[in-house]
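Single-structure report; data block below.
The values are calculated or read from the model by the stated rules, or taken from the named source; none is laboratory data. Being a predicted model, the structure only gives us computed values, none of them experimental. Glycine gets a Cβ as well: all are built from the backbone with ideal geometry, and neighbour counts include every protein chain shown. We work out accessible area using only protein heavy atoms, side chains counted, and drop any ligands, DNA or RNA first. Shrake-Rupley method; radii C 1.70, N 1.55, O 1.52, S 1.80 Å.
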Amino acid sequence: MDELQFIVAKLNEPPFQLNLTLVDFDEKAPTELLQLLVDVFSKLDDQLKMDVREVPKEQISAKIVQTLNILKFKMPENEQVDTRSAPPPPSPAAGPQPPSQRLPSERPVATLRPKRCYRTPPPPPSSSPTNTTTNDATPQDQERFVQGLENGDKVVVYQILHWALQRLPSLQKRAYLARFLVRVEIPPEFMQDDVLQEIHNTHRELQSQFKEVHKQVDALRAQPTKPQEIKTEITTLEDERQQLRIKIERLKKQTSGEPGFAALLEATSGLRQQQDEESRLNENMRKQRMALQHAQQRKEEAQRRTVGVGSWVWLVCEL
């Protein structure tokens, strides 16, 4: 019951604000629970926004499981998930069966409750999430878990909701980082291509740069802000701007009567504009040289490939 109260309380807070009661939440059908789970995960990744009635269950579960793997969700081991439908009620003539004669498959679904598995605080988000799972569960446990997820089983959905809502801010950060830091797995046979190898290395370098920039941004955000110091700095800058205005006005009055000052001012302004234009052209020339260098490298690589293909063709013809 503590887990259900926690889930309902979190779903009634921003950004969800569903205004649910415990009774409303407990009475939700499997499809509604699955839709609720998708809505929660859509706050982590916009690509998970979907209507579960219009998407195959296998596709929904695959996307959720992939997201759970990225977020380092640890699947509970040996969890009892009833993925079968409830048995038909016994006929009145037969009367109630004693507990010793009931089959295991006749256990009612309503008696299952999610385990209280996640009492430890969430781990800090890693700067390099991957798409591999850290679960130690057996393949049978994973299969039962996925099957229960597809069927909207309460045990599975409650566990995922409770785990996600406990650490929603850190999961949002991890999901954001995963967009840029998930490794791209390339088959080894394709890595023999020099161009592809260069692109892959460039991608890894950009990921490393992103990590460093993100760390710097986090450090800046963590620094305490002092409003009084900011106000003092703003006041100082305003005073300096006012002093510059006064100085400019005084210089204008002093030079307004000077002969030839207008022509000198125009020539000075033109010189400044030409200097800015020269800087812009130099930057464009630098970029064009870099592009030319890359094009020459690609040309040389293509020529080497052509020579190699020609050698193979000549050898085949000789044979």
Look through Lys215, Lys173 and report the one residue that is within 13 Å of the chain's Cα centre (by Cα) and charged (D, E, K, R). Lys173
So Ala222 ticks every box in (1) among the hydrophobic types (A, V, I, L, M, F, W, C); (2) at pLDDT 90 or above; (3) over 30 Å from Ile199 (Cβ atoms) but one. Which box is left unticked? (2)
Within 26 Å of Arg183 (Cα to Cα), without any contact (Cβ under 8 Å) to a residue 40 or more places away in the chain and open to solvent by 30 Å² or more (accessible area, probe 1.4 Å), is that true of Asp46? yes
Does Arg280 satisfy the condition of being under 24 Å from Phe190 (Cβ atoms) and over 34 Å from the mean Cα position of the chain (by Cα)? no
Cβ-Cβ under 8 Å, sequence separation 6+ or interchain: first residue in the stretch 9-23 and under 16 Å from His162 (Cα atoms) and modelled with pLDDT of 90 or more, partner open to solvent by 70 Å² or more (accessible area, probe 1.4 Å) and not charged (D, E, K, R). Which pairs? Leu11/Leu18; Asn12/Leu18; Asn12/Asn19; Leu22/Gln5
